[in-house]
1. So how far apart, in nm, are the two label points at Ser120 and Asp180 if each is 7 Å from Cα heading toward Cβ?
2. How big, in percent, is the set of alpha carbon pairs in the stretch 299-345 lying more than 11 Å apart?
3. What residues qualify as long-range amide H neighbours of His413, i.e. H under 5 Å apart, gap of 5 or more or another chain, H built at 1.01 Å from N?
4. Going from most exposed to least, what order do Thr417, Thr278 have by accessible area with a 1.4 Å probe?
5. Would you mind working out the magnitude of the charge dipole of the stretch 315-429 relative to its Cα centre, with +1 at each Lys and Arg C-beta and -1 at each Asp and Glu C-beta, to the nearest 20 Debye?
6. Which ³J(HN,Hα) values, rounded to whole Hz and listed in residue order, are derived for the stretch 148-157 from phi using the Karplus coefficients 6.51, -1.76 and 1.60 in 6.51 cos²θ - 1.76 cosθ + 1.60 with θ = phi - 60°, glycine and proline given as x?
7. Work out the length of the dipole vector of the stretch 249-306 about its Cα centre, built from +1 on the beta-carbon of each Lys and Arg and -1 on the beta-carbon of each Asp and Glu, and round it to the nearest 20 debye.
8. Filter the trypsin sites (Lys or Arg not before Pro) in the stretch 666-756 down to the DSSP loop ones having no more than 16 other Cβ atoms within 10 Å, then list what survives.
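The values are calculated or read from the model by the stated rules, or taken from the named source; none is laboratory data. Please read all numbers here as calculations on a predicted model, not as lab measurements. Note: ideal-geometry Cβ built from the backbone for every residue, glycine included; neighbour counts use all protein chains shown. Note: accessible area is taken over every heavy atom of the protein model, side chains too, but ligands, DNA and RNA are not part of it. Shrake-Rupley method; radii C 1.70, N 1.55, O 1.52, S 1.80 Å.
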Amino acid sequence: QLLYTAVLSTAVALHENGDNGTCFQGQKVPSSAADVALDLLLRLPKAERQRVIETASRDAAQNGLALGEDNSSEEESDTEWVGKTFLTCCVAVAVYFVYVLYEEWGRYAASQGCKHHGFSGYLMYRFSCWYAWTPGASGIILCILSLALLLFGGLALRVLTGEPVSSALWEAWIWIAAPDGGNSQETPIGRCVGLVVSMGGMMIFAMLMSVVSAKLEEMLQGLREGSGPVIEHHHCVILGWNPMVPTLIEELCYAAEHGEGMVIALLSPNPKAEVETTLQELEVNFRNSTVVVRCGDRSKPEDLAKVAVENAANVVVLSKPGVSREDSDARTSNVLLTMRTMGWPRNGSVVVQCQLSRNRRLFQNICTSPSTQVLVTSDFVCQLMVQSSQQAGIASVVKSIFGFEGSEFYITHMKGTAGLTFREMMFAVQGCVVCGLVPAKGPMQLPPPMDRELVGDEQLIVLAEDELSLPRSLSDLSGDVLEARHAKSRSPRWGPKRMFSGSYHNAETILVIGWNENIGAILFKMDFVVRQSSRVIIYSPKPVADREEFLENAQRRRNHKYGNLTIEHQTGELGARFALEELPLESASKLFILADESAETSREADGHTVAVILQVLDILAERTRGGKRGCVIVPQILELESHNACMQLGIQDFIDTNMLAARIIALVSHNPEVSSVICEILAGTQCQFRICELHEYPHATRSSSLGVTFDEVAAAAASVGDIALGWSEPEAGLSGPWQMNPTERDVRRPWTAESRIVSLRPVKAEPLESGSGVQPLEDTRANHKINPLACAAHLWRNPSKV
């Protein structure tokens, strides 16, 4: 029976393992022995067979348990030191925590004013201070809670179930990381401990997820807000934000389109997401450039470092909108002082937008960059408004030239020009229009006399499509081309005679509807343009006393008293029809409609401007019975959306203040040397834009019936001292659109009564015949005051006298 029992126990074990011939308790049992044992078991009676199976199963279980106890004791002895080491570290942490509590108790006891709050409230206060100023405080708290829960679960399991320390700690950690409610324990006490630790583990996991989610959201928010620095070199930086920024960015991107593009870093006081949304809503075309937006205070070095001002190739400092001009320039000076203190940019140019011309020299002295350009853009735009009022269509010419969409001004040096006259130089160069000279010594000449002989060291002022089309050397042209173009330059010289259609020789009546701070610069420039005893009627809802005080301050600020202008004031609402009807609209030669400064938004100001245009046009149509109006209407608008409204009303001479200012800044930022050309043109001391008819140049009228080429027009204009910059598009109206710097100069085009020529005319040229045109800008007073823009142009031409 004992033999049978041993054999049966072996057979039962093999049968339960499902593997005949496997190892059992270290011995190899042959398959035949298992078969014999099973055969004998089946021969026993049922009751005896059941008793033998139970006895054999009990013996196998006892043998296995003994083996398990031996293995467990060995593993426990191997891992016991791990648990003891961990407990030692936990005790050290607990001792340190107790020490901190003791120190805090001493601090609490020494502070008499804190005792009425209780020690628990004091601890909560100290904990809040620690949490607020300690980096990663949330992670530290989660680690401490996890450690405490691990100790509680491990020690409780050790005490209540008798498990080894290392096994108990590991079981507690499993419950924290993967809670199962104590299901892995066999005893009720162990399951209760597992349930408590599992609940704590779920709470810690929830807290961990909230901390991770908060950190992830903080990281994404930092990316969204642009908290990281811009890591670029030789890029363009724009400091500040005002309504012209979208146009400025688009112009800079247009200028870099023919190359590899550029990186533009914008530091704005507005949130990054808000600025990016604005640029997207306005559909600003970045082309192949990249625009990076950061939010910050441009007067702080750490925020300037965000956009890498130190390594920038161009830095544009914009004026702050919404404040007085004095306050705006004060804020700009703080930015420049910060840049000067840091010595930024290292090797780049700086373009500064200035509001008051008196601060121009101050800004120039603050900046350390040798290529700093300070632009009083508000005065520039006012100068353009005055020039646009001199002749219908000038405004559209200005928009065509001041921008990168077509051709723009450049200053370049060309080899092989020595010995040529300026007239010959004009026709020797292809792909651009030569407008003037910048001698190595002496003032800029824009335009110079046609017979002026070049010595070879002059720089040329040219109107070209881009930098790639600039002339480099006359040797690039073939001999046949040079000879053909030289023959065109020998066209007959008709002397200074020029047939004009007319000029204002008498005093004028000028209307100004609306009011803003630009009126000071407009009246200042107008005083040098009009005849003596001309009167200006200003119609605005602003009180007369405030207007008079502002104009007095404007004259003192510019050190200039109006000599040719007599100012009259009328008060009324901008849209009041009965008040507008009292104005002498039909007898006025110029009508300026200014953006209303009382409007809350630029859109609202443009709405007032368009409403006034509608009323004025209707009144003029009623008084002239649909005839041609005699005055040039120059509205001032602020938003691109208002362009279509003016075009639909037939007003071509509108001036978009923000767009023109942005284009001028972009031109100077892209090519700082061109600022002298812009200043010279706006000063009006040497030249001015003119829209001419073909019959004003007698030499060209002979072949006008057969069509003309641009070379023929340029030769005819040069014969009287003018420089032809372009002409109107085929089938265009009297006010454009214009084709500046035509590419096909040898192709004949039909010439109609509406076709016009855009020329750059010397100011000193005198008309010999009068008519209905406008005479060139000239000083008509014997005792004239000093023109600050003329002085600025003189300083550009003579930098040694600054």
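1. Between Ser120 and Asp180, the label points sit 3.8 nm apart.
2. 67 percent
3. Answer set, sorted by chain and number: Leu460.
4. Sorted descending by solvent-accessible area, the residues read Thr278, Thr417.
5. The dipole magnitude comes to about 300 debye.
6. 5, 5, 5, 5, 4, x, x, 5, 5, 5
7. Computed charge dipole of the stretch 249-306: roughly 260 debye.
8. Those that pass, being in a loop and sparsely packed, are Arg702, Arg748.
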